[in-house]
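**Q** Right, I'll just put the structure down here and ask away after.
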Amino acid sequence: MNSTTASSAPVQKGAYYALGVLTLVYSFNFIDRQLLAILQESIKADLGLKDAQLGLLTGFAFAAFYVTAGIPIARWADRGNRRNIVALAVFTWSFMTSISGLAQNYIQLLLARIGVGVGEAGGSPPSHSMISDLFPPQKRATAMGLYSTGVNVGILFGFLLGGWLNEFFGWRVAFVVVGVPGILLAIIVRYTLREPLRGASESRAPDAGNQPSLGSVLSLLWSRRSFRYLAAASALNAFAAYAIANWTASFMIRSHGMETGELGTWLALILGVAGALGVIGGGFLSDRLGKSDSRWYVWMPMLYMLLAAPFAFISYSANGTYAALLALFVPGMVLNAYLGNVIALTHGLVGLSMRATASAILFFIINMLGMGLGPWSVGLVSDLLTPTLGDGSLGMALRCIVAPVMLLAAACFYGASRSLRSDLSNASE
């Protein structure tokens, strides 16, 4: 990230249009993924489900197929046309979201969500690789930060649309209405984006010869001590983020008696608007501070976790409805601010023909541990506590799990900072 040649490379023509479209794609990714969180209380009542089953729908069952499909798709993206892969992925997950509304039992809904997971596996790694070829290293964390606002924009509309559609028309209609526009977006991606030249943003060409093997990419990443800490920190950060995103709506409904329309609006503001500002600001600030010391790319997420932990605990302990929501603004703003930094750093640690695969490996770790275990762990603990705490079991599960995990994430981000500069220097050489 500190190469002289790279720093002089200009932003490519059409890069910001491509970034905008890819960010919209990522937004649809999270609209379709997050929609289930605001609908799950209605689905639980309609289909007679338990919290652990809901946790599997939003967590491990989804994540297992998402990350398993992600690596072979990323390998394809490192040698194939990334634009076409993204277009196919958008179509697949949007179609599967639409048919989720037709599910008549848990197994049918589970299979539909698995289909969403497989489709979404083809979205991010090819997009990350394209963005790294469109923006030079000194602007990459900002670009990745802007792209990562798709998480928050998706959460915003997932909660907002899902909450009101569910209240007026039911959860089945919500799935269909949200899924269909993504099919149109797939056409826009296919026919308006260009496949960028690999390495153009750094005035470099891919290494001649065969594509690096998956084993060689894994070996290279493992040899970077900073990446090992970075991956652990990201997984723990994601664990907390997915637990909050998937269970806060249910917590507010059970413990504070909120309706989905008003609640969806609040969560859209907290996790959507405030979260997007945090992601954009985090990437921009890290790029500014990182010019003098690359360790700021991990120091900033460390500070975010230290700041968020006490406010998360307060939110799930507060007696007042609006006190709980207001306290959630702080973690809501910073929870996903690590993403742009982590992706940019990972790409800086590997070669040009390894980037999509490196992203897929990173996301395998993040999503298998974060998405896979975060929602499921909270749901499982909530079920175990239900006989003694009743509706208060979910709040207790969130209090006991989320804040401690955030503090562990902060410790791992600090661990990554200790060898980051030497690892980036070795990668550049």
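**Q** With (1) farther than 26 Å from V86 by Cα; (2) among the aliphatic types (A, V, I, L, M); (3) part of a helix (DSSP H, G or I); (4) open to solvent by 10 Å² or more (accessible area, probe 1.4 Å) as the list, and L39 as the residue in question, which single condition is left unmet?
**A** Condition not satisfied by L39: (4).
**Q** Would you call I244 modelled with pLDDT of 85 or more, β-branched (V, I, T) and under 23 Å from Q53 (Cβ atoms)? Before you say what the answer is, go through the steps one by one.
**A** Details: modelled with pLDDT of 85 or more: yes; β-branched (V, I, T): yes; under 23 Å from Q53 (Cβ atoms): yes.
So I244 fits the description; yes.
**Q** Please work out which residue is modelled with the highest pLDDT, limiting yourself to the range 281-295 and to residues that are out of contact with any Phe, Trp or Tyr (no Cβ under 9 Å at 6 or more places or on another chain) and either open to solvent by 60 Å² or more (accessible area, probe 1.4 Å) or part of a loop (DSSP other than H, G, I, E, B) (or both).
**A** It comes out as R295.
**Q** I would also like to ask the following. For the range 216-259, which positions are more than 21 Å from A312 (Cα to Cα), open to solvent by 10 Å² or more (accessible area, probe 1.4 Å) and of a type outside the set (F, W, Y)?
**A** S216, L218, S219, L220, S223, R224, R225, R228, E259
**Q** Going residue by residue through the range 167-185, is there one that turns out to be in contact with a helix residue (DSSP H, G or I) (Cβ under 6 Å, 6 or more places away or on another chain), closer than 30 Å to G261 by Cα, surrounded by 20 or more Cβ atoms within 10 Å (Cβ to Cβ) and charged (D, E, K, R)?
**A** No, that holds for no residue.
**Q** Could you tell me which residue of the range 305-327 is nearest to L424 (Cα to Cα), considering only residues that are without any contact (Cβ under 8 Å) to a residue 60 or more places away in the chain and open to solvent by 30 Å² or more (accessible area, probe 1.4 Å)?
**A** Going through the qualifying residues, I end up with L307.
**Q** Give the residues of the range 142-159 that are of a type in the set (F, W, Y) and open to solvent by 10 Å² or more (accessible area, probe 1.4 Å), sorted by residue number. Break it down into steps so the answer makes sense when it comes.
**A** First, the residues of the range 142-159 that are of a type in the set (F, W, Y): 147, 157, 159.
Within the range 142-159, F157 is the sole residue that qualifies.
The values are calculated or read from the model by the stated rules, or taken from the named source; none is laboratory data. Remember, predicted model here, so these are calculated numbers, not experimental data. Glycine also receives a Cβ, built like all others from the backbone with ideal geometry; neighbour counts cover every protein chain displayed. Surface areas here come from the heavy atoms of the whole protein model, side chains and all, with no ligands, DNA or RNA. Shrake-Rupley method; radii C 1.70, N 1.55, O 1.52, S 1.80 Å.
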